[in-house]
Amino acid sequence: MRIICPVKRVPDTAAEKRMNEADWTVDRDASDPILNANDEWGIEEAMRIKERVDGTEVIALCMGPESAQQTIRKALSYGLDGAIQVTDDAVAGSDAAATARVLAAALAEEEFDLLIMGNQSSDARTTLVPAMLAELLDLPALTFVKHLEVDGERLLAHRETPNGHVAVETSAPAVVSVVEAINEPRYPSFKGIMAAKKKPLEVKDLAALGVDPATVGHAGSATQVLEVTPRPPRQAGAKVEDDGSGQAGATAIADWLAEQKLL
Amino acid sequence: MTDILVLTDHDGAAPKKVATQLLTAARGLADDAAALLLGEGAQGAAEKVGAYGAATAYVCDAPEVDAHDTEPKTAALLAALEASGASVVLYPAEPFASDVVARAAARVGGGVIGDVSDLAREGEGIVATKQIFGGDMTSRCTVRPGLPAFLGVKPNAFAASEVGGSPADVVPLDVAFDERATRVRVVEVVEESSGGRPEMTEASMIVTGGRGLGDAEGFALIEELADALGAAVGASRAATDAGWYPHQHQIGQTGKTVAPQLYLGAGVSGAIQHRAGMQTSQRIIAINKDPEAPIFSIADLGVVGDLYKVIPPLIEEVRKRAS
């Protein structure tokens, strides 16, 4: 079995964000980039299949600038077999659909049984790429998955809903997007971190994939950002010390709710 | 010609609350909005969209729609776009509808903007406003002129209002479901009891429990307070990771983003990953033993105290004043 895990380099949530005012993209040099946490759940799920099914190969696929190789090595440190990077100045500013076009072009050249990825990236948070990718590759998609069973070609998944799940089944090859409830990702071992440095990394640009640069990136995206403005930070309001009995705190909250016409 | 098509969720008898909000929003953006209702019972709810200003209701209640996942709905949406001539689709910004729309947009080369909190017509196009980076920034964006636009609207972004229009003209869609539309089969729908509480992303009030609860049993108290207020129950990542409450209730970067009228956090410290999921709430109350907890820096009202001492009398106060 061959599994490809699309992964994304994202700015650390805790870091202050800055926007490039020329095109309203995130200034990725302004904050420390990390591997998208949601994609770690995808990698973990792929590794569990690899450990169970002999001969399984797991490959990471990452679209991003050359400097994203640090993130790719992080992904490889979980024990993956290799990685493909798509890097090209023209992909900067791609929206979800343009990103899916680039990834689909890279995947069209690959053999695989499963694509497993996080349900969203922690920066853009659109959740759109897995379904778009499936559409462009003409594959079934199992998205927002919190439980996955792989039995040969047969796939059974539980899709998370607000009050439970929907069980769905299909056949590989397919696209799978996972939510946090699916597993508890491992930490990379020292051996894995050392081995990651020597794993094969294939680097491709748009020309190698036969993608017209005009169809991706800022210029080729159907959506356009007109303006981004920081929101004024919230101010702290009243702070009440409870008297130890709970009654003072309870009364303060109830009074405030009544004042706000919420009671 | 119809300008806007609204993906209208329904319960078999009437459009759901979020759908009525979307229909109201569509009315404010275009003279002629149509609705699309899918699945079992779609016929029964279709005429009722007229009350919200939609003159036409496209309907597809073929059994394939519910028996298979996502793709039959995408096929029906594409058929409705074709039949109506609409160039803009409004849909509820929730995961499963986003999937349906993502596939349609990839097929027709359209642009998708999700989590929209406001919409305005500006010239030929529609400008969408959304919060990004956990509410740290506000983005105004649009879909390039001439391309189909798919706009996902957050629950409660618009207040629903009826216009007393006549029943909508119901148009059945004839959709051909090929093999690709039926390749993912729905095996089972499993719903755990919601305890009669509202859904978290649609609720006007949310009571959230965090690490400070100490154990799973603590959520009984959170639920009791939520029920007294008529609120939904949320949980921090620490609480869902510990297995104290189901993951689908998690608020924050790896869970849901919520913006209710009232967020009340008990034993929630307010790490940045949690704040990214709730800091655009209209009002925030925090109860925490630690006076230095970061959540106090964004709370409109903070109570420094033991939640197990504060919440029981608070439940009494709420019940007393509500009756």
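Laid out as a table, the results:
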item	result
Neighbouring partner chain Cβ atoms per residue of B:305-318, average, 10 Å criterion	6
Positive minus negative residues near residue A:104 (Lys, Arg vs Asp, Glu; Cβ under 11 Å)	-3
Vicinal HN-Hα couplings computed from phi for segment A:108-114 (Karplus, 6.51 cos²θ - 1.76 cosθ + 1.60; Hz; Gly/Pro x)	4, 8, 10, 8, 7, 9, 9
Residue-level accessible surface for residue A:29, protein heavy atoms, 1.4 Å, Å²	140
Net charge, residue A:21 excluded, C-beta distance under 11 Å - Lys, Arg +1, Asp, Glu -1	-2
Kyte-Doolittle mean at least -1.0, axial Cα span of 15 Å or more - DSSP H helices of chain A	A:96-107, A:247-259
Segment A:208-252 versus segment B:150-164: alpha-carbon centroid distance in Å	21
For segment A:1-148, average projected area of the Cα convex hull in nm²	8.6
Solvent-accessible surface (1.4 angstrom probe) belonging to residue B:16, in square angstrom, nearest 10	90
Within 10 Å of each Cβ in A:168-177, the average number of Cβ atoms from other chains	3
Loop-located GluC sites (Glu not before Pro) in segment B:50-158 whose Cβ has at most 15 other Cβ within 10 Å (DSSP)	B:124
Amide proton proximity set for residue B:68, modelled H, under 5 Å, gap of 5+	B:186
Under the span-like rule (Cα at least 18 Å along the axis, Kyte-Doolittle mean at least -1.0), DSSP H helices of chain B	B:17-29, B:71-84, B:95-108, B:307-322
Exposure rank, largest accessible area first [A:197, B:256, A:17; 1.4 Å]	A:197, B:256, A:17
Shielding score for A:137-147, defined as the mean number of other chain Cβ atoms within 10 Å	4
Dipole in debye (nearest 20) - the protein assembly as shown, about Cα centre, beta carbon charges: Lys, Arg +1; Asp, Glu -1	1100
Heavy-atom SASA rank of B:249, A:147 (probe 1.4 Å, accessible area, largest first)	A:147, B:249
Charge tally in the Cβ shell below 9 Å around residue A:141, where Lys, Arg are +1 and Asp, Glu are -1, residue A:141 excluded	-3
37 °C / 0.692 mPa s Stokes-Einstein diffusion coefficient of the protein assembly as shown, Kirkwood radius on C-alpha pairs, µm²/s	132
Relative intensity, log₁₀ I(q)/I(0), of segment A:174-263 from a Debye sum that treats every alpha carbon as a point, q = 0.23, 0.26 Å⁻¹	-1.12, -1.24
Whole-percent carbon and sulfur share, accessible surface of the protein assembly as shown, 1.4 Å	49
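The values are calculated or read from the model by the stated rules, or taken from the named source; none is laboratory data. Just so it is clear, the model here is predicted, and its values are computed rather than measured. Every residue, glycine as well, gets a Cβ built from its backbone with ideal geometry; the counts of neighbours run over all protein chains shown. Side chains included, ligands, DNA and RNA excluded: accessible areas come from the protein's heavy atoms. Shrake-Rupley method; radii C 1.70, N 1.55, O 1.52, S 1.80 Å.
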